[in-house]
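> Pasting in a structure now, in structure tokens, and then I'll have a few things to ask.
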Amino acid sequence: MKYTVVSLFPEVCDAYFASSIMARAVKAGIVEYRALNIREFALDKHRACDDAPYGGGAGMLMLADPLGRALEAAGARKANTGPGPRVVCLSPSGRPLNQAMARELAGESELILLCGRYEGIDQRIIDLYVDDEISVGDYVLSSGEVAALALIDATYRLLQRVITPASLEEESFSGGLLEYPQYTRPEVYDTLRVPEVLLSGHHENIRRWRLEKKVEKTLALRPDLIQTGQERCLFDEETCNIIERKRLAACQRTDEGEK
Ligand code: 9D3
């Protein structure tokens, strides 16, 4: 996979690619990386990259001109001018990134990642060059670089190894639930013991305990995953029964509290 980052702060992404994690992938030939600094494509003497929005409003927008030149230099093609690398704009108003999107993007041979700054970019750049607008979640970052790195990280790791069907399934959020808690040595840390069942060697009890914990944790932290899983019939009968039982137990605890 070849990643080309187009940004006003390429040093942010450079730093990540200099880290041992990404340096290894580059050395192994799994990924290629370059970053283009949009400012170098601003031609006026001040190298301006932003201006006020037409129609008024707060803040500044990224100018179309330097952005267009940077994207052309990156190898981006305008819409309807034949095939070119996929252009992704990282934007707070994009589609939220998920594992299915990461898998799809990992299938490309090249990605151009456009990082925004200021309040946004001139719409004509999006209309002419951008294939996907992607967000990394509902919170505000100061610019798109960290989001681009999240997307790079989520995609490059899928190229690393042969993905067996088993690990693919595991990656789909372990069947729609969060992971169970895990423990390694020592048996007692501070005042806390490793749950007895994990030391028992009783594989069926361990499997059952882990499933219970997954349901418990998902109900508490990601009730939306339970909802989706039920709608899409992702859960087997055993899981459905545990969900029902934990829900009932939670209701009873609430009732107790109200008495
Ligand atoms: C007033 C409207 N703001 C949108 C919420 C303006 C704005 C805030 C922050 C415009 C750009 C940014 C910088 N953020 C990104 O470029 C960004 C982002 C993010 O802030 N959150 C989640 N995903 C992403 S992807 C790119």
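The values are calculated or read from the model by the stated rules, or taken from the named source; none is laboratory data. Note that the coordinates shown come from a computational prediction; the quantities given were computed from them, not determined experimentally. For neighbour counting, all protein chains shown are included, and Cβ atoms are generated from backbone atoms with ideal geometry for every residue, glycine included. For the accessible areas, the whole protein counts, side chains as well, though only heavy atoms, and no ligand, DNA or RNA atoms are used. Shrake-Rupley method; radii C 1.70, N 1.55, O 1.52, S 1.80 Å.
Matching residues to (1) in contact with a helix residue (DSSP H, G or I) (Cβ under 7 Å, 6 or more places away or on another chain); (2) modelled with pLDDT of 95 or more; (3) open to solvent by 80 Å² or more (accessible area, probe 1.4 Å):
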residue	(1), (2), (3)
199	no, yes, no
208	no, yes, yes
212	yes, yes, no
254	no, no, no
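> Could you run through region 102-128 and say how many residues are open to solvent by less than 60 Å² (accessible area, probe 1.4 Å) and within 13 Å of the chain's Cα centre (by Cα)?
Going through region 102-128 one residue at a time, the tally reaches 3.
> Please work out which one of (1) of a type in the set (Lys, Arg); (2) assigned to a helix (DSSP H, G or I); (3) more than 23 Å from the chain's Cα centre (by Cα) is the condition residue 24 fails and give its number.
(3)
> If a residue has to be modelled with pLDDT under 95, more than 13 Å from the ligand (Cβ to nearest atom) and of a type outside the set (Asp, Glu) to count, how many in region 117-174 make the cut?
Looking only at that region, the number is 12.
> What's the number of the only condition in (1) within 16 Å of the ligand (Cβ to nearest atom); (2) within 23 Å of residue 151 (Cβ to Cβ); (3) acidic (Asp, Glu) that residue 72 fails to meet?
(1)
> Taking only region 112-142 into account, find how many residues are in contact with a helix residue (DSSP H, G or I) (Cβ under 8 Å, 6 or more places away or on another chain) and within 17 Å of residue 12 (Cβ to Cβ).
Looking only at that region, the number is 6.
> Condition check: more than 16 Å from the ligand (Cβ to nearest atom) and not hydroxyl-bearing (Ser, Thr, Tyr). Does residue 65 satisfy that?
yes
> Report every pair of residues separated by at least 6 positions or lying on different chains whose Cβ atoms are under 7 Å apart, first residue within region 39-66 and more than 14 Å from residue 121 (Cβ to Cβ), second of a type outside the set (Ser, Thr, Tyr) and exposed (fewer than 14 other Cβ atoms within 10 Å of the Cβ).
From region 39-66, the pairs are 39/47.
> Continuing with the same structure: Could you please find all residues in region 223-252 being within 31 Å of the chain's Cα centre (by Cα), open to solvent by less than 80 Å² (accessible area, probe 1.4 Å) and of a type outside the set (S, T, N, Q)?
The answer is 223, 224, 225, 226, 229, 235, 238, 240, 242, 243, 246.
> Would you pick out the residues in region 82-101 that are open to solvent by less than 40 Å² (accessible area, probe 1.4 Å), within 14 Å of the ligand (Cβ to nearest atom) and touching a residue at least 40 places away in the same chain (Cβ under 8 Å)?
Result: 88, 89, 90, 91, 94.
> Considering (1) assigned to a helix (DSSP H, G or I); (2) surrounded by fewer than 19 Cβ atoms within 10 Å (Cβ to Cβ), say which one residue 77 fails and leave the rest.
Against the list (1) assigned to a helix (DSSP H, G or I); (2) surrounded by fewer than 19 Cβ atoms within 10 Å (Cβ to Cβ), residue 77 comes up short only on (1).
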